[in-house]
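Heads up, the thing below is written out as structure tokens.
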Amino acid sequence: MKQRLCHQRDWNTSRLIVALPDSTDSAKARIRMFVYTGQYHVTSITQFVFARTAPNVKSLRDASALSKWLSRATKGDVCLLLVSSLTLPPFFLSALSTKFTGRVHFGITSPDIFDEVAGDEATPSTVGRYWLVTSGGRTEYARRRGITADRANEQINYDGLGSLLRWVSPDLNDAFVVSLVLINLLAVTAVFDLRASPLQALVHLVWTLVKYNCCLLSGWMLLLAVANRQPLVGLGRAGLALLRRLVLGWPGRTLLADAQVLLAPGYSWLTVTLYALFTGALYILRRRFWPQTLEEPEPWSEWFRFNRPMVVLNPGRPAFYRSASPKLSPRLRALLRQLNLSEYSLPGTFSYEFLFDLPVRALRSSEGRRCFRCTCVRALHLRSMASRLRERPCSRCGYSGSETATHLLACSVCLEMYHEGEQQCQLPCGHVYHRDCVFSWLLTDPCQTCPCCRWPAYSPKQAKFPDFFSP
């Protein structure tokens, strides 16, 4: 506490203070402070805290009080009842009653009274029986076995019972924390979608974190602003009832029982280590087998966009839809189909999917007579095309260049000479260009035609030339 508050209470020495809610029926109850004046021993302090928290668990010693207390569950509340011959509840149960103030009602009763009200035989148990009562029914805790936790039931302790109550009676703070963790984990994965320098990747990571956290906070502010509206209140109650049914059913309780074992410190560190090793191995394999072949780095302006990394097509240009007038007569349609005119096309949707099947090869010297490694283009963004190519071995060997394809000594787009090792791409008309040059041309040309003959690059041509990769 602040020194000013201590002077107001005439506290000149160090003191042990326990702050507890005045009532367990409301989450916004007034906080009362109790000063410990006994000996500073673990046992004495534990007894002092237990004496202050034990009254939060209501003692039900007659059938009428138990029936009235259980009627709260029909109104949508959650009740946790301990059926035991003990006169005082366990320490961890009284601590849970303080943690879930206003969210869960805690009570303790004897087996005889519970048998009289609920009509259930009280089987003997050394630790008692814990019943979770909701509007959907009554469920006994510590009777569900997990898949991995086959030697023990659900653990009767502070963490095990607290995790179940956290899912049965969730709070907005818990939902906000879960959404915050998930959105930041998803934002971090955006770094693996980049092929850039470490500095650029760091800048992109910071920008992505700021962007998605701002969107998350805006969404939560909007949700809290309209949460008290009547349609949303009914929808929230229906969703909460569905969540409780799933958690208290076989799948939810089995997963919770396994989570109590797998979230132990040893298993948690093992999981983090395996995840780090697996992610590092994937990153190294991607760097090795899908290297960055384009020397031009991705510009800074492309990263500060809200459509990355989800966008897979060119973010700068939307997909181009090339269509003619929808009022064409059937005879004119048949005529255009027979003539196969490149200046007109039937109505339809056109995109960059044709770039996927354009043949690409690396220019090799004809002296070695080596087999070319063909590639099947998976074109996404122009600057990330080279990192998305998948290589496949050529099924024919001894190829030294197509004799019928239209070859030139220089690229008709950039007017530069071809050199050994450069990637070349052939269009359906037979003309060959630099891969980067022709992709730049096709992504900027509204007609998507060959730079030389103006034949559409998306339309196959019944040419007399064989395939580009045929010997």
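Selection of the range 1-32 for residues being at pLDDT 75 or above and within 17 Å of Leu96 (Cα to Cα) yields Val18, Ala19. Annotation note: of Leu20, Leu81, the sole residue that is over 27 Å from Arg244 (Cα atoms), surrounded by 11 or more Cβ atoms within 10 Å (Cβ to Cβ), within 38 Å of the chain's Cα centre (by Cα) and of a type outside the set (Val, Ile, Thr) is Leu20.
With respect to the conditions (1) touching a Gly at 6+ places or on another chain (Cβ under 6 Å); (2) assigned to a loop (DSSP other than H, G, I, E, B), Gly102 falls short on a single one, namely (1). Screening Tyr418 with (1) touching a Leu at 6+ places or on another chain (Cβ under 6 Å); (2) of a type in the set (Ser, Thr, Tyr); (3) at pLDDT below 75 gives one miss only, at (3). Pairing each residue of the range 408-429 that is in a strand (DSSP E or B) with any residue that is surrounded by fewer than 18 Cβ atoms within 10 Å (Cβ to Cβ) and among the hydroxyl-bearing types (Ser, Thr, Tyr), provided the two are 6+ apart or on different chains, yields C-beta distances under 9 Å for Ala410/Tyr418; Gln423/Thr293; Gln424/Tyr418; Gln426/Thr406. Taking the stated definitions as given, is Val233 in a helix (DSSP H, G or I) and modelled with pLDDT under 80? Considered against the rule, which asks whether it is in a helix (DSSP H, G or I) and modelled with pLDDT under 80, Val233 comes out as yes.
Does Ile108 count as modelled with pLDDT of 85 or more and not aromatic (Phe, Trp, Tyr)? For Ile108, the condition - modelled with pLDDT of 85 or more and not aromatic (Phe, Trp, Tyr) - is met. Looking for something acidic (Asp, Glu), part of a helix (DSSP H, G or I), modelled with pLDDT under 80 and surrounded by 11 or more Cβ atoms within 10 Å (Cβ to Cβ) - is there at least one such residue anywhere in the range 185-202? The answer is yes, given that some residue of the range 185-202 is acidic (Asp, Glu), part of a helix (DSSP H, G or I), modelled with pLDDT under 80 and surrounded by 11 or more Cβ atoms within 10 Å (Cβ to Cβ).
No other residue among Ala65, Ala73, Ala95 is assigned by TED's automatic domain parsing to the domain that holds Gly128, surrounded by 14 or more Cβ atoms within 10 Å (Cβ to Cβ) and free of Cβ contacts under 8 Å to residues at least 24 places away in the same chain apart from Ala65. Annotation note: Cβ proximity below 9 Å between a residue of the range 248-269 that is outside the structural domain of Ser135 (by TED's automatic domain parsing) and of a type in the set (Val, Ile, Thr) and a residue that is in a helix (DSSP H, G or I) and modelled with pLDDT of 75 or more (sequence gap 6+ or interchain) occurs for Val261/Tyr267.
Can you confirm whether Asp10 is among the charged types (D, E, K, R), surrounded by fewer than 11 Cβ atoms within 10 Å (Cβ to Cβ) and over 44 Å from the mean Cα position of the chain (by Cα)?
Yes: the conditions hold for Asp10.
The values are calculated or read from the model by the stated rules, or taken from the named source; none is laboratory data. Small disclaimer: the values here were computed from a predicted structure and weren't measured. Glycine gets a Cβ as well: all are built from the backbone with ideal geometry, and neighbour counts include every protein chain shown.
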